[in-house]
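The values are calculated or read from the model by the stated rules, or taken from the named source; none is laboratory data. Please read these numbers as outputs of a predicted model, since none were measured by experiment. We place every Cβ from the backbone using ideal geometry, glycine too, and count neighbours over all the protein chains shown. All accessible areas refer to the heavy atoms of the entire protein, side chains included, with ligands and DNA or RNA removed. Shrake-Rupley method; radii C 1.70, N 1.55, O 1.52, S 1.80 Å.
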Amino acid sequence: MSEIIVAFDGMKYDDVLPLAEALSGMGVLFKVNDLLDEYGVKIIESLKYFGGVMADPKLYDIPNTVKNRIKRYAAFKPDFITVHASGGIDMMRAAVDSCDSKILAVTVLTSLTEEECNINLGGPVKAKVLQFARNAVLAGVHGIVCSSQELKFLSEFRELKALIKVTPGIRPVWHLDPKDDQSRVTTPADAVDMGSDYLVIGRPIIKALNPVEAVRKTKKEIGKASIRNR
Ligand code: C5P
């Protein structure tokens, strides 16, 4: 069954550990990004006490620098660490070779529209996601981060089958915000139907009046979709 990764974005440190504690035992993982900037890699260790951790620095640099940075994160044994697939095969391989954590390669950000992808990355979303996913396989990366809207297309390529599929841009029907910055969004049930292994969900959970209830509702939706797909 697909799992939930809760993105602890823009949170106050004082609120983070109590929320992790409240969610512990619900089978969710925690994703840290800006918290790494303020509190450093040790936040991984604190969160691991309550569940799995995805360190999400989205590294993009020359291979040697990425190797050095990956080692800093890996010292605290997160389950996943992210790099940008656009950094190239050698860069991704350097990340894989320098730690025991699973490396996830971010393909095309879910906030990018088709037009922005063309302008910034030089091609349509599907073509770029496919190219980055293939490079990720060549580099020995464990999984990719993409929109679940791209999963059906990717499933046509056997060489990508073994990659773990992690999908942000998830919006449950009970959380629709017109001011949202995500462009390529999907409901949790649709993401599961499309083959997502891990659903990254931030604001719909952390901004909910009752985050525990929000996780419960999302898990129920995921559970129903998983049964349908059996
Ligand atoms: O609040 P929301 O559910 O939009 O959070 C999504 C999370 O997933 C954010 O932390 C964002 O950085 C991350 N992410 C994304 N799109 C990607 C890769 C990561 O939205 N392609």
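Looking across Val215, Val192, Val173, one residue alone is surrounded by fewer than 22 Cβ atoms within 10 Å (Cβ to Cβ), out of contact with any Pro (no Cβ under 6 Å at 6 or more places or on another chain), among the β-branched types (Val, Ile, Thr) and part of a helix (DSSP H, G or I). It is Val215.
Checking the conditions here, which among Tyr39, Tyr49 is surrounded by fewer than 14 Cβ atoms within 10 Å (Cβ to Cβ), hydroxyl-bearing (Ser, Thr, Tyr) and more than 23 Å from Ile144 (Cβ to Cβ)? Lay out the reasoning, then the answer.
Working: Tyr39 fails: surrounded by fewer than 14 Cβ atoms within 10 Å (Cβ to Cβ).
Sole residue among the options that is surrounded by fewer than 14 Cβ atoms within 10 Å (Cβ to Cβ), hydroxyl-bearing (Ser, Thr, Tyr) and more than 23 Å from Ile144 (Cβ to Cβ): Tyr49.
Candidates in the range 1-26 are the residues that are of a type in the set (Gly, Ala, Ser) and touching a residue at least 40 places away in the same chain (Cβ under 8 Å); of these, the one that is farthest from Gly169 (Cα to Cα) is Ala22. With respect to being within 16 Å of the ligand (Cβ to nearest atom) and within 16 Å of the chain's Cα centre (by Cα), Asp79 fits the description.
Hey, does the range 53-62 have a residue that's farther than 26 Å from Val125 by Cβ, out of contact with any Lys or Arg (no Cβ under 6 Å at 6 or more places or on another chain) and open to solvent by 40 Å² or more (accessible area, probe 1.4 Å)? Yes. For the range 108-115, indicate whether the set of residues that are over 15 Å from Thr167 (Cα atoms) and under 19 Å from the mean Cα position of the chain (by Cα) is non-empty. Within the range 108-115 (the criterion being over 15 Å from Thr167 (Cα atoms) and under 19 Å from the mean Cα position of the chain (by Cα)), the answer is yes, since at least one residue qualifies. Note on the range 125-150: among residues that are over 17 Å from Thr110 (Cβ atoms) and of a type outside the set (S, T, N, Q), the one that is most open to solvent (accessible area, probe 1.4 Å) is Leu138. For the range 208-220, the criterion of being modelled with pLDDT of 90 or more, more than 15 Å from the ligand (Cβ to nearest atom), under 22 Å from Leu59 (Cβ atoms) and not aromatic (Phe, Trp, Tyr) is met by none of the residues. Within the range 123-156, take every residue that is part of a loop (DSSP other than H, G, I, E, B) and free of Cβ contacts under 8 Å to residues at least 12 places away in the same chain and give me the one that is farthest from the ligand (Cβ to nearest atom). Only one residue fits best here, namely Glu156.
Yes/no matrix, rows are residues, columns are (1) at positive phi; (2) touching a residue at least 24 places away in the same chain (Cβ under 8 Å):
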{"position": "Gly169", "(1), (2)": "yes, yes"}
{"position": "Asp180", "(1), (2)": "no, no"}
{"position": "Ser183", "(1), (2)": "no, yes"}
{"position": "Ala189", "(1), (2)": "no, yes"}
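So which of Val83, Val96, Val16, Val66 ends up being crowded, with 18+ Cβ neighbours inside 10 Å and outside any helix (DSSP H, G or I)? Even if it seems obvious, please write down each step before you answer.
Values: Val96 fails: outside any helix (DSSP H, G or I); Val16 fails: outside any helix (DSSP H, G or I); Val66 fails: outside any helix (DSSP H, G or I).
Step by step, each of Val83, Val96, Val16, Val66 is checked, and only Val83 is crowded, with 18+ Cβ neighbours inside 10 Å and outside any helix (DSSP H, G or I).
Look at the range 193-218: where a residue is farther than 24 Å from Asn229 by Cα and touching a residue at least 40 places away in the same chain (Cβ under 8 Å) and a partner is within 11 Å of the ligand (Cβ to nearest atom) and of a type in the set (Val, Ile, Thr), sitting 6+ places away or on another chain with Cβ atoms under 6 Å, you get Ile205/Val6; Pro211/Ile205. Determine whether the range 177-186 contains at least one residue that is exposed (fewer than 15 other Cβ atoms within 10 Å of the Cβ) and small (Gly, Ala, Ser). No.
Scanning the range 195-207 for residues that are under 20 Å from Phe8 (Cα atoms), open to solvent by 20 Å² or more (accessible area, probe 1.4 Å) and of a type outside the set (A, V, I, L, M), we see that the one that is nearest to the ligand (Cβ to nearest atom) is Arg203.
Could you please let me know if Lys31 is under 27 Å from Asp193 (Cβ atoms), within 16 Å of the ligand (Cβ to nearest atom), buried (at least 21 other Cβ atoms within 10 Å of the Cβ) and at pLDDT 95 or above? If you could, list the steps in order and put the result at the bottom.
Values: under 27 Å from Asp193 (Cβ atoms): yes; within 16 Å of the ligand (Cβ to nearest atom): yes; buried (at least 21 other Cβ atoms within 10 Å of the Cβ): yes; at pLDDT 95 or above: yes.
Yes.
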